[in-house]
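Chemist: Handing you a structure now.
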Amino acid sequence: MSTMGIDPTLSLQPLLGEISGESAFTYLALARELSRKGRRIISFGIGQPDYVTPAHIREEAKKALDEGFTGYTETAGIPELRESIVYYLNSHYKADVDSSEVIVTTGAKTAIFVALASYIRPGDEVIIPDPSYYAYAQVVKLFGGKPIYVPMSFEPGYGFRLDINSIESSITSKTRMIVLNNPHNPTGAVFTRDQIESLYDIVVKYKLILVSDEIYDNFLYGNISFKSVLELPDWRSYVIYINGFSKTFSMTGWRLGYLVARREVIPKMLDLAVTIYSCAPSFAQRAGVAAIKGSWDPVNEMVKEFEKRAEILYRILSESEYIDAYKPQGAFYMFPRVSKFLSKTRMTVEDLVRRLLYDYGVLVLPGTAFPETVGLNHVRISFATKTSDIIEGSRVIVEALREIAG
Ligand SMILES: Cc1ncc(COP(=O)(O)O)c(C=O)c1O
């Protein structure tokens, strides 16, 4: 019993104090609260397709449940799903993955956790291009590692690129890993084949681990050419690959993802995986097989629709003198610069986001959610939202910025 000092249950593991949650969810809760009070809110906040999971995938899950397929499965995932994933990777890419190299996870988020937790030692430095999806840095910090953010370069009208020279000059004797996300959240960038190859040259030269999260690999616009790290020579020596079903098949609530790593490390990663989640949901795994092996028409239609939305968003936002817009090349996000607006009004990007939400009924996310300094001058706009809302909401944004800036 404690009679002095703080209660034992209040003394959390200190590294937990270093991590932060996903502010996308915080802003979403604010928007929901306003909606409940009767306000109409147009949301550009969420990173999930506004489509329900295709019917044939839902049907397979129902069938699995009705057949009583409701228990634990192998931690690595049911063999049919691992084989389907291998089929997908090897037919989609010039890859040679074997099913013994695949671990099915409860969403790509758990794959990120398992991948990073398997390698990060206290003091290790992990290079993360800034801006980035928030989760990578949190896992790095939780295991005593240090995220080293390297700003990406921004060109109005084009968008974002990796800054390969800055990445190389950030490498020290403590650097363990580089985290790549391609296509990229929050910028909608798809990195060129040249950029991926140059990055990989650095990885090989300094003997680093490249963790590549390619969860948006089916969201590609125009004739953009996408290079997966699984197509790189000798990838097994350097690469841990992450993907999932949430985005491609509109399956965010099903919690289904996977990672690919060389065979030798799979048993230890499985020890970690079984300790965290035992296995991915059994019926969701059956649905995952149907997703890969069934018709891709719904996916293709959705991506075509998203491409049109990206165009509309770009066209409308480009009308604003305060927004440096560009055409997203992939994923379903634009991360336009709003620095002219912020310096004229002396507002922070969070001030802007709150004004847009409370006074104009439009939710965008502050760039600071992603999670370092580049985002101070940007907002993230998700176009995984219906087209009529995109047209109306982006017009409201343009008008709001004009009005507030006076
Ligand atoms: C880059 C990236 N990786 C991983 C995830 C998490 O995906 P999942 O729902 O499969 O856990 C997201 C979700 O927004 C993401 O944007």
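The values are calculated or read from the model by the stated rules, or taken from the named source; none is laboratory data. Nothing here was measured: the structure is a model prediction, and the numbers come from that model. Using ideal geometry, Cβ is built from the backbone for each residue, glycine included, and neighbour counts are taken over all protein chains shown. We work out accessible area using only protein heavy atoms, side chains counted, and drop any ligands, DNA or RNA first. Shrake-Rupley method; radii C 1.70, N 1.55, O 1.52, S 1.80 Å.
Chemist: Report, ordered by the first and then the second residue, all pairs with beta carbons closer than 8 Å, sequence separation of six or more or different chains, a first member in segment 1-20 that is closer than 19 Å to residue 137 by Cα, and a second member that is at pLDDT below 90.
Modeler: 20/371
Chemist: From the list 143, 154, which residue is open to solvent by 40 Å² or more (accessible area, probe 1.4 Å) and out of contact with any strand residue (DSSP E or B) (no Cβ under 8 Å at 6 or more places or on another chain)?
Modeler: Numbers: 154 fails: out of contact with any strand residue (DSSP E or B) (no Cβ under 8 Å at 6 or more places or on another chain).
Residue meeting the stated conditions: 143.
Chemist: Would a scan of segment 372-382 turn up a residue that is open to solvent by 10 Å² or more (accessible area, probe 1.4 Å), touching a Leu at 6+ places or on another chain (Cβ under 7 Å), of a type in the set (Ser, Thr, Tyr) and closer than 30 Å to residue 18 by Cβ?
Modeler: no
Chemist: In segment 98-136, which residues are among the aromatic types (Phe, Trp, Tyr), over 19 Å from residue 275 (Cβ atoms) and part of a loop (DSSP other than H, G, I, E, B)? Give the derivation first.
Modeler: Let us first name the residues in segment 98-136 that are among the aromatic types (Phe, Trp, Tyr), namely 113, 119, 133-134, 136.
After this cut, where a residue has to be over 19 Å from residue 275 (Cβ atoms) as well, the list is 133-134, 136.
Once the filter is applied, which keeps residues that are among the aromatic types (Phe, Trp, Tyr), over 19 Å from residue 275 (Cβ atoms) and part of a loop (DSSP other than H, G, I, E, B), segment 98-136 yields 133, 134.
Chemist: Scan segment 165-180 residue by residue and report those that are open to solvent by 10 Å² or more (accessible area, probe 1.4 Å) and either within 18 Å of residue 373 (Cα to Cα) or within 16 Å of the ligand (Cβ to nearest atom) (or both). I'd like the intermediate steps shown before the answer.
Modeler: So the first thing to find is which residues in segment 165-180 are open to solvent by 10 Å² or more (accessible area, probe 1.4 Å), and the list is 165-166, 168-176.
Listed by number, the residues that qualify are 166, 170.
Chemist: Determine which member of the set 73, 53 is closer than 30 Å to residue 388 by Cα and open to solvent by less than 60 Å² (accessible area, probe 1.4 Å).
Modeler: On the way: 73 fails: closer than 30 Å to residue 388 by Cα.
Exactly one residue qualifies, and that residue is 53.
Chemist: Of all residues in segment 89-105, how many are crowded, with 20+ Cβ neighbours inside 10 Å and over 14 Å from residue 269 (Cβ atoms)? If you could, list the steps in order and put the result at the bottom.
Modeler: Keep residues of segment 89-105 that are crowded, with 20+ Cβ neighbours inside 10 Å, which gives 89, 97, 101-105.
Retained after the next criterion (residues that are over 14 Å from residue 269 (Cβ atoms)): 89, 97.
So the answer is 2.
Chemist: Count, please, the residues in segment 342-386 that happen to be among the polar types (S, T, N, Q) and closer than 12 Å to residue 43 by Cα. Break it down stepwise before answering.
Modeler: Here is the first cut: in segment 342-386, the residues among the polar types (S, T, N, Q) are 343, 345, 348, 368, 373, 377, 382, 385.
If we keep only those that are closer than 12 Å to residue 43 by Cα as well, we get 382, 385.
The qualifying residues number 2.
Chemist: Across segment 6-31, which residue is nearest to the ligand (Cβ to nearest atom) among those that are over 30 Å from residue 120 (Cα atoms) and surrounded by fewer than 13 Cβ atoms within 10 Å (Cβ to Cβ)? Write out each step before concluding.
Modeler: Initial filter on segment 6-31 (over 30 Å from residue 120 (Cα atoms)): 6-7, 27-31.
Filter once more, keeping what is surrounded by fewer than 13 Cβ atoms within 10 Å (Cβ to Cβ): 6-7, 29.
Details: 6: 34, 7: 34, 29: 16 Å.
Here the answer is 29.
Chemist: Among the numbered criteria (1) within 24 Å of the chain's Cα centre (by Cα); (2) more than 16 Å from the ligand (Cβ to nearest atom); (3) not in a helix (DSSP H, G or I), which one does residue 87 miss?
Modeler: The single condition residue 87 does not satisfy is (3).
Chemist: Now for a separate question. Show the residue pairs meeting these rules: Cβ distance below 6 Å; 6+ apart or different chains; first residue within segment 164-186 and without any contact (Cβ under 8 Å) to a residue 60 or more places away in the chain and in a loop (DSSP other than H, G, I, E, B); second residue of a type in the set (Val, Ile, Thr) and more than 10 Å from the ligand (Cβ to nearest atom).
Modeler: 170/127; 170/148; 170/150
Chemist: Can you find a residue that is assigned to a helix (DSSP H, G or I), within 27 Å of residue 257 (Cβ to Cβ), within 15 Å of the ligand (Cβ to nearest atom) and aliphatic (A, V, I, L, M) anywhere in segment 138-160? Steps first, answer last, please.
Modeler: Quick first cut of segment 138-160, residues assigned to a helix (DSSP H, G or I) only: 138-142.
Cutting the leftovers down to within 27 Å of residue 257 (Cβ to Cβ) gives us 138-142.
Restricting the remaining residues to those that are within 15 Å of the ligand (Cβ to nearest atom) gives 138-140.
From what's left, aliphatic (A, V, I, L, M): 139-140.
Yes, segment 138-160 contains a residue that is assigned to a helix (DSSP H, G or I), within 27 Å of residue 257 (Cβ to Cβ), within 15 Å of the ligand (Cβ to nearest atom) and aliphatic (A, V, I, L, M).
Chemist: With the checklist (1) free of Cβ contacts under 8 Å to residues at least 24 places away in the same chain; (2) more than 23 Å from the chain's Cα centre (by Cα); (3) assigned by TED's automatic domain parsing to the domain that holds residue 142 in hand, flag the one item residue 69 doesn't pass.
Modeler: Result: residue 69 passes all but (1).
Chemist: Has segment 185-193 got any residue that is at pLDDT 95 or above and either touching a helix residue (DSSP H, G or I) at 6+ places or on another chain (Cβ under 6 Å) or away from the ligand (no atom under 16 Å from the Cβ) (or both)?
Modeler: Here is the first cut: in segment 185-193, the residues at pLDDT 95 or above are 185-193.
Okay, now just the ones that are also either touching a helix residue (DSSP H, G or I) at 6+ places or on another chain (Cβ under 6 Å) or away from the ligand (no atom under 16 Å from the Cβ) (or both), so 192-193.
Yes, that holds for at least one residue.
Chemist: While we're on this one: Quickly run through segment 214-243 and pick out the residues that are farther than 13 Å from residue 182 by Cα and within 15 Å of the ligand (Cβ to nearest atom).
Modeler: 240
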